[in-house]
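Below: one structure, written as C-alpha cells.
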Amino acid sequence: QVQLVESGGGLVQAGGSLRLSCATSGRTLTMYFMGWFRQAPGKEREFVAAVGWSGSYGPYADSVKGRFTISRDNAKNTMYLQMNSLKPEDTAVYYCAAGRPDNYSDYKKYDYWGQGTQVTVSS
C-alpha cells in the first residue's frame with residue numbers, strides 16, 4: 001500500500017510563490033518516476049512536471065518552464081514543487097503521482113495518487 005500526501009497549497013497573489021510537498025509512505029518509491037499534475041474546474045488533468053528516481057531528469061510543461069522547479073529527496077521520501085512567478089492561470093488542484101509510466105506526461109500511466117492540494121492565484 002502506498003500513500004501520497006500533498007501539502008503547501010493556498011491562496012497567493014499573482015507574482016508570488018508557493019512550495020508544494022508530496023510525502024510518501026507505505027512503500028519505498030525510490031525507483032519510481034514521480035510527477036505533478038493539476039486540474040482546473042471543467043478541465044482535464046494536465047501534466048506539470050516529472051522527476052526520475054535519481055532526481056536528475058525533470059521534464060516540464062511549457063506553461064511552467066522557467067517558473068516551477070521539481071525536486072525529490074529520496075531519503076525523506078518527499079517530492080517538492082517550487083512555484084515562482086505564479087499566474088492566475090496556475091489556479092488548480094495540484095496532485096502528485098508515482099509510477100513507472102512509459103509516457104511521463106500521461107496521467108493515466110501513473111499508479112499512485114495523492115488527494116490533491118488547492119492552489120489559488122489571485123490577480
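Checking R72 against (1) open to solvent by less than 10 Å² (accessible area, probe 1.4 Å); (2) farther than 20 Å from G16 by Cβ, which single condition isn't satisfied?
(1)
Six or more apart or on different chains, Cβ under 8 Å: which pairs go from a residue in segment 28-42 that's charged (D, E, K, R) to one that's modelled with pLDDT of 90 or more and open to solvent by 40 Å² or more (accessible area, probe 1.4 Å)? Could you list them?
Final answer for the pair search is R38/R45; R38/E46.
So how many residues does segment 109-123 have that are without any contact (Cβ under 8 Å) to a residue 24 or more places away in the chain and open to solvent by less than 10 Å² (accessible area, probe 1.4 Å)?
The qualifying residues number 0.
I'd like the full set of residues that are hydrophobic (A, V, I, L, M, F, W, C) and within 16 Å of M79 (Cβ to Cβ), limited to segment 107-123.
Those that are hydrophobic (A, V, I, L, M, F, W, C) and within 16 Å of M79 (Cβ to Cβ): W113, V119.
Closer than 16 Å to F37 by Cβ, open to solvent by 30 Å² or more (accessible area, probe 1.4 Å), part of a strand (DSSP E or B) and at pLDDT 95 or above: is that true of Y80 in this structure?
Answer is yes for this residue.
Can you spot a residue in segment 11-29 that is of a type in the set (K, R) and open to solvent by less than 70 Å² (accessible area, probe 1.4 Å)?
Initial filter on segment 11-29 (of a type in the set (K, R)): 19, 27.
With open to solvent by less than 70 Å² (accessible area, probe 1.4 Å) added as a condition, the list becomes none.
The answer is no; no qualifying residue exists.
Results for (1) touching a Leu at 6+ places or on another chain (Cβ under 9 Å); (2) assigned to a loop (DSSP other than H, G, I, E, B); (3) of a type in the set (S, T, N, Q); (4) at positive phi, shown as yes or no for each residue.
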position	(1), (2), (3), (4)
L20	yes, no, no, no
T24	yes, no, yes, no
P41	no, yes, no, no
F47	no, no, no, no
S54	no, yes, yes, no
G58	no, yes, no, no
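Just checking, does segment 84-93 include any residue being surrounded by fewer than 21 Cβ atoms within 10 Å (Cβ to Cβ), within 14 Å of T120 (Cα to Cα) and of a type in the set (A, V, I, L, M)?
Checked segment 84-93: at least one residue is surrounded by fewer than 21 Cβ atoms within 10 Å (Cβ to Cβ), within 14 Å of T120 (Cα to Cα) and of a type in the set (A, V, I, L, M).
Please name all residue pairs, on different chains or six or more residues apart, with Cβ atoms under 7 Å, provided the first residue is in segment 96-108 and is in contact (Cβ under 8 Å) with a residue 12 or more places away in the chain and the second residue is open to solvent by less than 80 Å² (accessible area, probe 1.4 Å) and assigned to a helix (DSSP H, G or I).
A97/Y107
Taking interchain pairs and intrachain pairs at least six residues apart, which have beta carbon atoms under 8 angstrom, with the first residue in segment 57-70 and within 11 Å of W36 (Cα to Cα) and the second among the acidic types (D, E) and surrounded by fewer than 17 Cβ atoms within 10 Å (Cβ to Cβ)?
From segment 57-70, the pairs are A61/E46.
Please go through segment 99-123 and pick out each residue that is assigned to a strand (DSSP E or B), polar (S, T, N, Q) and within 13 Å of the chain's Cα centre (by Cα). Lay out the reasoning, then the answer.
Step one: of segment 99-123, the residues assigned to a strand (DSSP E or B) are 99, 112-113, 117-122.
Then keep just the ones that are polar (S, T, N, Q); that gives 117-118, 120, 122.
Matches in segment 99-123: T117, Q118.
List the number of the failed condition for G35; all other conditions in (1) assigned to a loop (DSSP other than H, G, I, E, B); (2) modelled with pLDDT of 95 or more hold.
Failed condition: (1).
The values are calculated or read from the model by the stated rules, or taken from the named source; none is laboratory data. Just so we're clear, the structure is a prediction, and the values are computed from it rather than from any experiment. Reconstructed Cβ throughout: ideal geometry from the backbone, glycine too, with neighbour counts over all protein chains shown. Ligands, DNA and RNA are excluded from the accessible area calculation, which covers all protein heavy atoms including side chains. Shrake-Rupley method; radii C 1.70, N 1.55, O 1.52, S 1.80 Å.
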